[in-house]
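The block underneath contains the structure these notes are about, expressed in C-alpha cells.
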Amino acid sequence: MSDMRSTADAPRSPGRPRSLRADEAIIEATLDLLAEGSTIEALSIEAIATRAGVGKATIYRRWAGKDALLLDALRRLKGVLPQPAGHSIRDDLILLVDAIGKNMDPRAEKIMPCLVPAVNRSTDQYQLYQNIIAPRRQLMREVLRRGIDEGVLRPDTDLEVTMALLTGPMLIQRVLQWSPSLNEVNLPVRVVDAVLEGIRAR
C-alpha cells in the first residue's frame, strides 16, 4: 500500500515555512470533490490541485500521496476526538457514543456513506478507514478497561464485542437513518444504559 503518513506524521525539512492557506485549500478541495460525487478511486491529485488553485508539486511537498492526503481530509471531516472527563464510566461512554456518526461538516452526510462500498472493494481503502477510526476505538477501549479496573464493569467483559454493541446502533441510525421512530438526541444514553445493564459488575 502507498505511504499513508499524514502531514502530522511526516518529518519537517528546513526552509521556507509551509503556507497554512495552501494546506487549507487542498483539504477543502479534496472534501468538496468527494461531496460532489467523486469516488475515492477516481479522485486524482491533478483534480485536487486544480480545484485548490495550486500545483501538484505543492501537494506532494505536503503529503506522500493521495492516501495520506485523504487520511488528513477525512480526519478533518470526523472532527476533534472527544475527551472523556474520567469521572464516570457511564458519562464517558455516553460522550464517546454520542460522537459516533456525528459530523459538524455538512459534507460528511454525502461523503461518509460513499466510503462503505470503497472499503469493501479495496484493501487500501479499508486500511484508510481503519486509520481514521482506530484512535476513536482506542479511546473507547481505554474507558472500558478503566471500568474493569475500577470494578464498575465485569472483569470478563469482552471489550471488542462491547464496543461493537455500543457503536452499531449509532452508525446504523445516523448513517442509514434506520428507524424514524428512534430519537437521536437520547439514543446515546439509551444505548449505553442498555449495554451497561449486561456488563455492569454485580
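The values are calculated or read from the model by the stated rules, or taken from the named source; none is laboratory data. Predicted, not measured: the structure shown is a model, and the values here were computed from it. Ideal geometry is used to build each Cβ from the backbone, glycine not excepted, and the neighbour counts take in all protein chains shown. The area values use the complete protein model at the heavy-atom level, side chains included, leaving out ligands, DNA and RNA. Shrake-Rupley method; radii C 1.70, N 1.55, O 1.52, S 1.80 Å.
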If residue 75 passes every condition in (1) of a type outside the set (Asp, Glu); (2) closer than 26 Å to residue 169 by Cα; (3) outside any helix (DSSP H, G or I) but one, which one does it miss? (3)
Scan the range 26-35 and give yes if some residue there is surrounded by fewer than 14 Cβ atoms within 10 Å (Cβ to Cβ) and either modelled with pLDDT of 90 or more or at positive phi (or both), otherwise no. no
Tally up the residues in the range 76-94 that are buried (at least 19 other Cβ atoms within 10 Å of the Cβ) and touching a residue at least 60 places away in the same chain (Cβ under 8 Å), please. 3
Filtering the range 170-202 down to residues that are open to solvent by 50 Å² or more (accessible area, probe 1.4 Å), free of Cβ contacts under 8 Å to residues at least 24 places away in the same chain and part of a helix (DSSP H, G or I), which residue is farthest from residue 92 (Cα to Cα)? 172
Could you tell me which numbered condition residue 120 fails, if it satisfies all but one of (1) surrounded by fewer than 19 Cβ atoms within 10 Å (Cβ to Cβ); (2) out of contact with any Phe, Trp or Tyr (no Cβ under 9 Å at 6 or more places or on another chain); (3) polar (S, T, N, Q); (4) free of Cβ contacts under 8 Å to residues at least 60 places away in the same chain? (2)
For residue 77, all conditions in the list (1) in contact with a strand residue (DSSP E or B) (Cβ under 9 Å, 6 or more places away or on another chain); (2) at pLDDT below 90 hold save one; what is the number of the exception? (1)
When you go through (1) of a type outside the set (Lys, Arg); (2) open to solvent by 40 Å² or more (accessible area, probe 1.4 Å); (3) free of Cβ contacts under 8 Å to residues at least 40 places away in the same chain one by one for residue 59, which number turns out not to apply? (2)
Out of all the residues in the range 135-155, is one or more open to solvent by 30 Å² or more (accessible area, probe 1.4 Å), more than 18 Å from residue 89 (Cβ to Cβ) and more than 14 Å from the chain's Cα centre (by Cα)? no
The range 102-133, residues that are farther than 21 Å from residue 27 by Cβ and assigned to a loop (DSSP other than H, G, I, E, B): 122
Among the residues of the range 156-167, count how many are among the acidic types (Asp, Glu) and either more than 30 Å from residue 76 (Cβ to Cβ) or surrounded by 12 or more Cβ atoms within 10 Å (Cβ to Cβ) (or both). 2
